Amino acid sequence: MSKLSLVIITLNEEKNIERCIASVPFASEVIVVDSGSTDRTIQIAEGIGAKVYKNAWKGYGAQKCFAAQKATGDWILSLDADEWLSTELQAEIQELIKICRTGVFAMPRLSYYLAKPIRHGGWFPDWQIRLYSSGVASWDPDESIHESLKTEHKINRASSLLYHEPFESIKEQVDVNFVYAQLLAEKKFKNGKRIKCPCVIPIRTISKFFENFIVKGGFRDKFPGFVIAWNSAQSYMIQLYHIYLMTKKERENV
């Protein structure tokens, strides 16, 4: 029978790590790569049988690439610590690795926000490539944010849900958005994105809120949908402003 390695990267995930690992009871091994947790993440993971490795943070892609190299299973299931398998997805994955010799599979991810499942506003179905047979796919080590799995194989789709709880509070979402906005701005600027006039920033910010809340149906998720759309627009505004500042500095140095 094929063996499956569950691979997780962590940083201060004591509130999530046990739920994540417990959702994959059929894993032959659990690999946790930690980048410097100061809470009980490592102790909890080791206490439930995970092999824990420490590795300095070099970006999401590089960290997941390092973690995958530690896996010895025929199949690799790569989860974030704030993700966990539904009961249906547990059964589906076990069946897939039983009948398939190789493959790459994406699964629909349903996120919870403010204790509510979010099915609109561009958050669902949030297809994530998480399951692949060893040797047929690899993480791009140069991706510092929004890491991607590279493969030449056809990407199949599982039908059952992967659950996700990205933020514990509105404050946490705002804090994370600020960090991501700057990283995305730097990436887009490096790839040629420029903003010369700041007047476009409020227009695009309002458009982003309208897109997520109205066009993509965020209003159907009620108050959580409003908060998501609002924070998404705010994050986009910060991103655009950082690009504008970098553009301005570039032009002044010419």
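The values are calculated or read from the model by the stated rules, or taken from the named source; none is laboratory data. Only a predicted model underlies this, so the values are computations on that prediction, with no experimental measurement involved. Here Cβ is always computed from backbone atoms with ideal geometry, including for glycine, and neighbour counts include all displayed protein chains.
Can you report the number of residues in the stretch 64-79 which are of a type outside the set (Gly, Ala, Ser) and in a helix (DSSP H, G or I)? Can you show your working first?
Start the filter on the stretch 64-79 by keeping residues that are of a type outside the set (Gly, Ala, Ser), which leaves 64-66, 69-70, 72, 74-77, 79.
Now narrow it down to the ones that are in a helix (DSSP H, G or I): 64-66, 69-70.
Residues in the stretch 64-79 being of a type outside the set (Gly, Ala, Ser) and in a helix (DSSP H, G or I): 5 in total.
Is the stretch 80-88 home to any residue that is hydrophobic (A, V, I, L, M, F, W, C) and part of a strand (DSSP E or B)?
Here is the first cut: in the stretch 80-88, the residues hydrophobic (A, V, I, L, M, F, W, C) are 81, 84-85.
Filter once more, keeping what is part of a strand (DSSP E or B): 84-85.
Within the stretch 80-88 (the criterion being hydrophobic (A, V, I, L, M, F, W, C) and part of a strand (DSSP E or B)), the answer is yes, since at least one residue qualifies.
Please specify each residue of the stretch 218-254 satisfying the condition of being more than 17 Å from Tyr112 (Cβ to Cβ) and hydrophobic (A, V, I, L, M, F, W, C). Walk me through it before giving the result.
Applying the first criterion (more than 17 Å from Tyr112 (Cβ to Cβ)) to the stretch 218-254 yields 219, 230, 233-254.
Correct list: Phe219, Trp230, Ala233, Met237, Ile238, Leu240, Ile243, Leu245, Met246, Val254.
Residue by residue through the stretch 50-63, note down the ones that are within 22 Å of Ser2 (Cα to Cα) and either assigned to a helix (DSSP H, G or I) or modelled with pLDDT under 95 (or both). Before you say what the answer is, go through the steps one by one.
Step one: list which residues in the stretch 50-63 are within 22 Å of Ser2 (Cα to Cα), which gives 50-51.
None - no residue of the stretch 50-63 is within 22 Å of Ser2 (Cα to Cα) and either assigned to a helix (DSSP H, G or I) or modelled with pLDDT under 95 (or both), so the list stays empty.
So that you can scan it fast, the table gives a plain yes or no per residue for (1) among the aromatic types (Phe, Trp, Tyr); (2) crowded, with 19+ Cβ neighbours inside 10 Å; (3) farther than 28 Å from Ser28 by Cβ; (4) touching a Pro at 6+ places or on another chain (Cβ under 9 Å):
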{"site": "Gln90", "(1), (2), (3), (4)": "no, no, no, yes"}
{"site": "Glu95", "(1), (2), (3), (4)": "no, no, no, no"}
{"site": "Cys100", "(1), (2), (3), (4)": "no, no, no, no"}
{"site": "Gly103", "(1), (2), (3), (4)": "no, yes, no, no"}
{"site": "Pro108", "(1), (2), (3), (4)": "no, no, no, yes"}
{"site": "Tyr112", "(1), (2), (3), (4)": "yes, no, yes, yes"}
{"site": "Lys116", "(1), (2), (3), (4)": "no, no, yes, yes"}
{"site": "Arg119", "(1), (2), (3), (4)": "no, no, yes, yes"}
{"site": "Trp123", "(1), (2), (3), (4)": "yes, yes, yes, no"}
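With the requirement that a residue be aliphatic (A, V, I, L, M), over 14 Å from Ile129 (Cβ atoms) and not in a helix (DSSP H, G or I), what does the stretch 144-180 give you? Explain how you work it out, then say what you get.
Narrowing the stretch 144-180 to residues aliphatic (A, V, I, L, M): 145, 149, 155, 158, 161-162, 170, 174, 176, 179.
Add one more test, that the residue is over 14 Å from Ile129 (Cβ atoms), and what stays is 145, 161, 170, 174, 176, 179.
Within the stretch 144-180, Ile145, Leu161 meet the criteria.
Go through the stretch 149-176 and report how many residues are exposed (fewer than 13 other Cβ atoms within 10 Å of the Cβ), closer than 28 Å to Ala68 by Cα and of a type in the set (S, T, N, Q).
The qualifying residues number 1.
Looking only at the stretch 86-110, how many residues end up being of a type outside the set (Ser, Thr, Tyr), over 24 Å from Glu152 (Cβ atoms) and without any contact (Cβ under 8 Å) to a residue 12 or more places away in the chain?
1
Would you be able to say whether some residue in the stretch 115-133 is touching a residue at least 12 places away in the same chain (Cβ under 8 Å), in the same structural domain as Cys20 (by TED's automatic domain parsing), more than 28 Å from Val52 (Cβ to Cβ) and in a strand (DSSP E or B)?
yes
In the stretch 198-228, what residues are touching a residue at least 24 places away in the same chain (Cβ under 8 Å) and part of a loop (DSSP other than H, G, I, E, B)?
Once the filter is applied, which keeps residues that are touching a residue at least 24 places away in the same chain (Cβ under 8 Å) and part of a loop (DSSP other than H, G, I, E, B), the stretch 198-228 yields Pro198, Lys216, Gly217.
Looking only at the stretch 177-221, filter to residues that are exposed (fewer than 15 other Cβ atoms within 10 Å of the Cβ) and out of contact with any helix residue (DSSP H, G or I) (no Cβ under 9 Å at 6 or more places or on another chain); which one of those is nearest to Pro166 (Cα to Cα)?
Val179
Collect the residues in the stretch 22-41 that are free of Cβ contacts under 8 Å to residues at least 40 places away in the same chain, out of contact with any helix residue (DSSP H, G or I) (no Cβ under 8 Å at 6 or more places or on another chain) and surrounded by fewer than 20 Cβ atoms within 10 Å (Cβ to Cβ), keeping them in residue-number order.
Matches in the stretch 22-41: Gly36, Thr38, Asp39, Arg40.
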